[in-house]
Amino acid sequence: MLSNLNFRATVLSLVMLVVFLGVWQLATAPEVLAPQQGELSEYEQLMGGGTDRSSSSGIPAPTQVFSHAFSELSNPFYDAGPNDKGIGIQLAYSIYRVLLGFALAALIAIPLGFVIGMSPLLNKAFDPYIQILKPISPLAWMPLALFVIRDSNMSAIFVIFICSIWPMLVNTAYGVASVRNDWLNVAKTHQLSNLRTAFTVILPAAAPTILTGMRISIGIAWLVIVAAEMLVGGTGIGYYIWNEWNNLDLASVIFAIIMIGIVGFLLDASLAQATKFVRYAD
Amino acid sequence: MPTKSLHDPFDANADLRHGSSCRHGHTGPGSCSCFDTASPDLEEKLERRATHEPVQADAHATGEDLSDEAMVDRAVESAIVRGMFGHNEINRRRFLQMIGGGTVAAALGSILPLDKVKAAIKDGGPLEKTKLRVGFVPITCATPIIMAHPMGFYERHGLDVDVIKTAGWAVARDMSLSGEYDASHMLSPMPLSMTLGSGSSREHYIMPAVENINGQAITLHNKHKDKRDPKDWKGFTFAVPFEYSMHNFLLRYLVAEHGLDPDRDISIRVVPPPEMVANLRAENVDGYLAPDPFNQRAVWDGIGFIHMLTKDIWDGHPCCAFACSAAWADEHPNTFGALFRSLIEATQYSSDINNRAEIAEAISPRAYLNQPQSVVEQVLTGRYADGLGNVQNDPHRIDFDPFPWHSMATWILTQMKRWGYVDRDFDYNRLAEDVFLASECAEVMTELGYEAPSDTYKNFEIMGKVFDYTDPEGYLDSFAIRRS
C-alpha cells in the first residue's frame, strides 16, 4: 500500500512537472519571424535585429534554460579571473560561507541556550534582548558589518552568523527548559552531578528540539547568503545572479535559482538525516 | 606649464603669477602671448626631457638653475603654496616676509607628505607592492581601468592587478576605505565628499586622474516619447547611480534650469547602475540619468529611448575617476606612480576613436562588463540607435581625458553646497587642490609624451551659463533654485 502511494505520488509529481514545463514552453515559444526582406537596415542591426534574442516576452523557454544549464554544468570549476568563475566554484564559496557562519553560531548558541534553558533567571533576563534582536533582518546588519569588520567576506559570514544564531538559541533554550521533571528527579535520586545530568539526561532529551533549531537556522542562512552576496559582490551564487542580472540574462538567473533550490534541499536533508539519529520515543 | 610659476614659492620676493611680468619686454597686459601659451623654452626643455638629455639650466626663464627633478618638485610645491594662500600673491608674500620662507617650508612639509607624493610621480624605485586589487563598477566609464587589464597596460608597468567587479558605489567606497581595494574606480565627486567626510567617514582621498568625460545620458521609458520637454517631467521618478555623482548634480542642474525643483517636483532615487534597466522595465522609475552601457541597453531591449546625452548639458564634463586614499599613495609611492602611469596610458589609448571597437571587444565579456558587444561598441564609437528610429553619430558621446582640472572640483563643490550635501564653509581651491592632483597628472602626461594643459583652472560653460572658477560663491548665489 505504502509503495503504491509512493508510486502514485511520483507519477503525480512528474505530471505536474511536464504540465508546468509544457505551459512554460508554449508561453515563451520564440516568435516565428517573417523572413527578412533583404538586408537589415543599420538601425535594425544596432537594435540587435540580426542577433538571436531569447523570445518575444524576454523570458527564456525551458529548452534554453536546459541547454544553458548543460553548458554551465559541463565545466563547473573553470576559473577565468576574479570576476568569472564556474558555477561549482560560486556554489562552493556560498556553501563555505554558510557553513562557517552557521558553525560559529552553533558554537555560541547551543552552550548559551543550554545555560538559559537551565536557569529560569537567565531565561527571563535574556528574553527581552533575544526578542528584539531576533526579528531584525540579517541584511540590515550588512552596512554596519562592512564598516566595523572592514572585510566583505567576513561581513557576509557575520550576517550568516547573526541570522542563524536565534533559532538555535531559542530552540535549545526551549528544549532544555522543557525536559520532563520526572527525568530530572530520577537523576537527582541517583545523585548525578549537575554536569553529568546535563550530558546524560538533558542533552539527549533536548537533542531533537536543538536539531530542529539547527535545521531552521541553516534554511534561513541559505536564504540570506544569496541576498548578502548580491549586495557585496565578488564571489558566490548571489554574485553570479547579480552579474547575470546586469546582462538581463534570465536563462542564467533561472538556472541559478534551480541550483540554489537543489543545494538548499541537500543542506536541509543532511540535517534531517541527523535528526533521525537523536530521535527517541517516550 | 608656464615657467613663471617655477619661482621659489617660499621666496617672499618672487612672483608666482603667470603673466604678471613678461620677459618679452612688453609692458601692458594683453600685448604678449606668453600669458596663455606655454613658453617655447619650456617646450624645448620638455622635449629634451623626453629623450633623457640633460637639461641646461634655463636662467633666462626662471631666474635660477633648476634641474629636471627640481622642476617637478618646484611645480608641486608651488601649486600647494599658492593654493594655501587662495592664489593671493600679496597675502603669500606678506606672510612669508613675516615668518620666513624656511619655516613655512618646514611646517608645510610636516603636514603634507610632499616628498613622497613628489617621489610617487617620478619614475624609478622598486615597487613596494606588485599585486594590487582595483575595484570597478561595470560601466563604460571604467573603460581605462578595465581594459588596462586584458590589454596589458598594468603589466607594462610591472603591476599584477586584479580588477574586481563591485556591486555599487557605496560598496566601492567601503571596500576602498577598508583597504580591501588598493585603488578604485570612483565617481569624481566621491573623493571630494570623502575628504570632506560628507556621506562617508572622513578620510583624505586623492583623485590623480579622470577616466572619462561625457558618456552619460538621460533615458526615458518608451511611454514618455511625447514628453521631451523637461517642463513635462513634474512628478517623474528618476534614478541616479549615487548621491555624490555627476549624474545627480547634472540632472538637478538640468531640471532646475527648466524651472523644476529637483527635491520637490521630481523624485530622485539612488539605484546601482546594473539594476537600472530592470527597474525601468518594471516602471519603478520613469527614466534615469545613468552611465552607459545601461542607456544603450535599455534601447537594445526595447524598453526606453535616449532622450539626451549629458554632453549636451556640459560638453567635456568629468564623470568617473581613479582614486585612492592619500595614505595608501604615501605608503606605496612607487606603486602608486606605476599605477598612475598605466592608467594615464590606458586613458590616452581609449581616447583614440580608432581603438574603440577593439576596446569594446576586450571589455564586453562576462568577467568585465558582461554585455552584448554591439551595445558597448555603440557607446564607445558613438554611432548608435537612439530608440526613436534614428541612427545617431557622435564620436564624442563618450571621451577619455585624464586631466583633473581643479576647477572641475570647484564646480562639483558648488553643487554639493547648492543642494545641501555640505552645509559648512570650506576653501574651494584648497580642497580642489588637495584632492584633484592636476599638477601631478600634467607631470605624468608630459613624461609619457602626451600634451598636458598648462593651467589647472579654467572656466566651463554649462547649458550656456559660464562657471567662473574665481567666484564660486557668486556662482552659487546666481541660482534661484537651491537649498543653501
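Taking the Cα centre of region B:216-314 as origin and assigning +1 to Lys and Arg Cβ atoms and -1 to Asp and Glu Cβ atoms, the resulting dipole is close to 160 debye.
Output the 0 to 90 degree angle, nearest 10, between the alpha-carbon long axis of helix A:203-232 and the longest principal axis computed from the alpha carbons of chain A. Approximately 30 degrees, to the nearest 10. Residues of region B:416-454 falling in the label zone of B:Leu476, defined by backbone nitrogen less than 18 Å from a point 7 Å along Cα to beta-carbon, are B:416-435.
For the pairs B:Lys227/B:Lys311; B:Lys131/B:Lys165; A:Lys85/A:Lys276; B:Lys227/B:Lys465, flag any whose C-alpha to C-alpha distance is greater than 28 Å.
Numbers: B:Lys227/B:Lys311 20 Å; B:Lys131/B:Lys165 17 Å; A:Lys85/A:Lys276 37 Å; B:Lys227/B:Lys465 25 Å.
Result: A:Lys85/A:Lys276 exceed 28 Å.
Against the empirical 2.2 N^0.38 Å (N residues), region A:151-247 has a Cα radius of gyration ratio of 1.60. Summarising the overall dimensions of region A:94-148 from its C-alpha atoms, the Rg and Dmax are 13.9, 39 angstrom. Sequence-ordered 3J(HN,Hα) estimates for region B:305-314 from the Karplus curve with 6.51, -1.76 and 1.60 and θ = phi - 60° stand at 9, 7, 6, 7, 8, 5, 3, 7, 8, 9 Hz, glycine and proline given as x. Think of region A:87-278 as having a plus end and a minus end, set by charges on the Cβ of Lys, Arg, Asp and Glu; of A:Ala221, A:Ile136, A:Leu271, A:Leu271 sits farthest toward the positive end of this dipole. Peptides B:194-201, B:468-475, ordered by how many other C-beta atoms sit within 10 Å of their residues on average, highest first, read B:194-201, B:468-475. Put simply, the amide H of B:Leu437, placed in the peptide plane, has neighbours under 5 Å in B:Met207, leaving out anything fewer than 5 places away on its chain. Working note: Karplus 6.51/-1.76/1.60 with θ = phi - 60° gives region B:263-279 the couplings 8, 10, 8, 10, 10, 10, 10, 8, 9, x, x, x, 9, 6, 5, 4, 5 Hz, where Gly and Pro are set to x. Placing unit charges on each Cβ (+1 for Lys and Arg, -1 for Asp and Glu) gives region B:267-394 a dipole about its Cα centre, and among B:Thr335, B:Ile313, B:Tyr384 the Cα reaching farthest toward its positive end belongs to B:Tyr384. Among the GluC sites (Glu not before Pro) within region B:397-463, those in coil by DSSP and having at most 15 neighbouring Cβ atoms inside 10 Å are B:Glu451. Label-to-label distance for A:Met16 and A:Phe147 is 4.5 nm, based on points extended 7 Å past Cα in the beta-carbon direction.
Round to the nearest 0.05 the FRET efficiency obtained for A:Ile258 and B:His396 when R0 = 56 Å and r is the Cβ-Cβ distance. If you can, show how the numbers build up before the last one.
Values: r = 45 Å, r/R0 = 0.81.
That gives a FRET efficiency of 0.80.
With R₀ fixed at 25 Å, the C-beta to C-beta distance from B:Asn459 to B:His224 puts the FRET efficiency at about 0.15.
In this rough spin-label picture, where each label sits 7 Å from Cα along the Cβ direction, the B:Asn279-A:Ala125 distance is 4.7 nm. What the Cα convex hull of chain A gives, in volume per residue, is 195 Å³. Estimated at 0.36 nm per residue, the fully extended path between A:Ala269 and A:Ser178 surpasses their Cα-Cα distance by 30.1 nm.
Quick check on the exposure proxy: order B:Cys320, B:Cys441 from fewest to most C-beta atoms within 10 angstrom. List each step's numbers first, then the result.
Values: B:Cys320 29, B:Cys441 24.
So the ranking, lowest neighbour count to highest, is B:Cys441, B:Cys320.
In this structure, the amide hydrogen of B:Glu211, modeled 1.01 Å from its nitrogen in the peptide plane, lies closer than 5 angstrom to those of B:Cys319, B:Cys320, B:Ala321, B:Phe322, counting only residues at least 5 positions away or on a different chain.
Can you check what the Kirkwood hydrodynamic radius comes to for region B:216-314, Cα pairs only, in Å to one decimal? Walk me through the numbers on the way to the answer.
On the way: mean 1/r = 0.0772 Å⁻¹.
Its Kirkwood hydrodynamic radius stands at 12.9 Å.
Just to compare against my own numbers: the Cα pair-distance distribution for region B:309-378, 10 Å bins, whole % per bin, please. Result, from short to long distances: 16, 32, 36, 15, 0 percent. The H on the amide N of B:Tyr181, modeled in the peptide plane, is under 5 Å from the matching H of B:Ser176, each at least 5 residues off or on a different chain. Note on region B:216-314: antiparallel DSSP beta bridges, both residues inside, total approximately 60 percent of the bridges counted.
Efficiency by 1/(1 + (r/R0)^6): what FRET value for B:Glu358 and A:Phe77, r their Cβ-Cβ distance, R0 = 35 Å, to the nearest 0.05? Kindly include the intermediate steps, with their values, before the conclusion.
Values: r = 31 Å, r/R0 = 0.88.
The computed FRET efficiency comes out at 0.70.
Note that region B:425-434 has calculated 3J(HN,Hα) couplings of 8, 8, 8, 3, 5, 4, 5, 4, 6, 5 Hz, one per residue in order, obtained from phi through the Karplus relation 6.51 cos²θ - 1.76 cosθ + 1.60 (θ = phi - 60°); glycine and proline are x.
The Kirkwood radius of region B:368-484, taken over pairs of alpha-carbon atoms, gives through the Stokes-Einstein law at 10 °C and 1.306 mPa s a diffusion coefficient of 93 µm² s⁻¹. Taking A:Pro208, A:Pro111, A:Pro138 as the candidate residues, the one with maximal mean-square fluctuation in a Gaussian network model of chain A, Cα springs under 10 Å, is A:Pro111.
Charges at C-beta only: +1 for Lys and Arg, -1 for Asp and Glu. How large is the resulting dipole of chain A about its Cα centre, in Debye rounded to 20? Please list the in-between numbers first.
Numbers: 13 positive and 16 negative charges, 365 e Å.
The dipole of chain A has a size of about 1760 debye.
Laboratory data are not the source of any read-out in this text; all were calculated from the coordinates shown. Computed from a predicted model, the values in this text were never measured in an experiment. Backbone-built Cβ (ideal geometry, glycine too); neighbour counts: all protein chains shown.
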